[in-house]
Amino acid sequence: KQFFCGCWYYHMLERVADVAEILDDTNTCQELRQKAQIVKEEFNRRHLVDGGRDYDARNQCGIVLPLAFGLAPEEHRKTLADTLVQYIREADDHVTTGFVGTRFLFDVLADYGYQELAYRVITATGFPSWLHMLQTGATAITESWLGEKDPDKSLSMAHFSLGSVVSWFFEYLGGIRINESEPGLAHIVLKPIMIKEIGSFAVRYQAKCGEIYTEWHFEGDKPVFNYHIPEGVSAKVILG
């Protein structure tokens, strides 16, 4: 509890500091940033182990959250990502992050160059996995990995938590990234990851300003990227 609450406490301080900065509340922003720095230093002093190669939670989620939230020291992040990959391979390319970490798992893998592994995890068929869930007869992402086979019928049959990974399809495969310094999607970043094993991919996002569309496919070994953005919106395209 101390470990995971510490992750979220740091994330909370940083996000509210971001809000204070947007609102030009400089004093609150500085106060929260200072608290966040104290939390970061103490968290890593207590929990970072094995010379910076792991956290004492010793599981997938225990690495995903510190990396996703920027809590891990920069000099240890690549090594920690490698340890995360080791944990995933030990689980036969299956997810074990649970409710609090699944949302960020694929983002972290792609950010550190393991997008092919992310694809293998999300297309795994054994338990626990999304495809196993659907194979039980579920027609949406359920609250439980057991899907329709879960004996607890009070659980949701259409639940956000494990379904939150859908954002990865838009932000990473589709490449539609929010530029937080430009509100209202006035300026966006298009940075797709193109996985040859998938072959082709397209996504549409209906924003208030209009539809954003991206598509990529492979012609032989060469990836080809196309996109359409609404009038009045500018985009920075980052490939490779």
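Where the only charges are on Cβ atoms (+1 Lys, Arg; -1 Asp, Glu), what is the dipole of the stretch 1-116 about its Cα centre, to the nearest 20 debye?
It works out to roughly 360 debye.
Tell me, what is the per residue accessible area of the stretch 4-135 in Å², probe radius 1.4 Å?
For the stretch 4-135, the per-residue accessible area is 50 Å².
Within a Cβ distance under 12 Å of His228, other residues only, what is the Lys/Arg minus Asp/Glu net charge?
Local net charge: -2.
Could you please tell me the mean projected area of the C-alpha convex hull for the stretch 20-77, averaged over all directions and given in square nanometres to one decimal?
Averaged projected area of the stretch 20-77's Cα convex hull equals 4.4 nm².
Are any of the pairs Lys208/Lys236; Lys191/Lys222; Lys35/Lys236; Lys196/Lys236 more than 27 Å apart by Cα-Cα distance, and if so, which?
Lys35/Lys236
Output the Cα-based Rg and Dmax of the stretch 146-240 in Å, rounding Rg to one decimal and Dmax to a whole number.
Reported Rg and Dmax, both Å: 16.7, 51.
In Å², what does the accessible area per residue of the stretch 167-240 work out to with a 1.4 Å probe?
Averaged over the residues of the stretch 167-240, the accessible area is 58 Å².
Given the DSSP H assignment, sum -39500 (n - 2.57) over each helix run of at least 4 residues in the chain and divide by its residue total; what's the result at 222 nm in deg cm²/dmol, nearest 500?
Using -39500 (n - 2.57) per qualifying helix, the result is -12500 deg cm²/dmol.
Return the carbon/sulfur percentage of the accessible area of the chain, one whole number, probe 1.4 Å, all protein chains in place.
C and S fraction of accessible area: 52 percent.
When only C-alpha pairs under 8 Å and at least 6 residues apart count, what is the relative contact order of the chain, in percent?
10 percent
The values are calculated or read from the model by the stated rules, or taken from the named source; none is laboratory data. What you are looking at is a predicted structure, and each value in this text was computed from that prediction instead of being measured. All Cβ positions, even for glycine, are placed from backbone atoms using ideal geometry, and neighbour counts span all protein chains on display. When the accessible area is computed, the model is the full protein with side chains, heavy atoms only, and any ligands, DNA or RNA have been set aside. Shrake-Rupley method; radii C 1.70, N 1.55, O 1.52, S 1.80 Å.
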